[in-house]
Amino acid sequence: MIAVNRARVFSRQSRRFVLTKVGECLYRSDCGSYFGVVTHRGKQHRHCLQTKDRDVARKKLGEFRQQLCAPSLPEHAADPAAAITFDQLAEQWLEATRYSLKPSSARLSK
C-alpha cells in the first residue's frame, strides 16, 4: 500500500511506502526518488518519475500529465461494427428474430 502523507513514518515494521509532498502533484519517497500523483477522471494515478532531481521531476510530471490527459482512440474504433447506430442494430435484430415473432408483433416493431 502506498500512503501519501506530509509526515514521514520511521517505523521499520510498517509496510507502507511513505511519500512526502514537495510540490503540486509531486512527491518524494524516503530513498529520494520522485513520484507524480495525478487525479484524472476520478481516479488517482501514481507514477515513478525515475529521477532524484527536482527540476527533471517537474518536467517528467508535465509529460506524464500530457500522456494521461491525451485523447486516445479506443481499441475497437477501427471495427466497422463500432460505427453502427442503434436504429441500424435494431433493424438487424428484427430481421434476425422476425421468424420467431408473431406477425402482429413484427408489425409493431417497425
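Fewest-first ordering of Ser100, Ser29, Ser105 by other beta carbons within 10 Å of each residue's beta carbon gives Ser100, Ser105, Ser29. Bridging of Lys21 to lysines at a Cα separation below 25 Å is possible for Lys43, Lys52, Lys59, Lys60, once same-chain residues fewer than 8 apart are set aside.
Just so you know, all these numbers are worked out from the coordinates, no wet-lab data involved. Just so you know, these numbers come straight off a predicted model, no measurement behind them. Ideal geometry is used to build each Cβ from the backbone, glycine not excepted, and the neighbour counts take in all protein chains shown.
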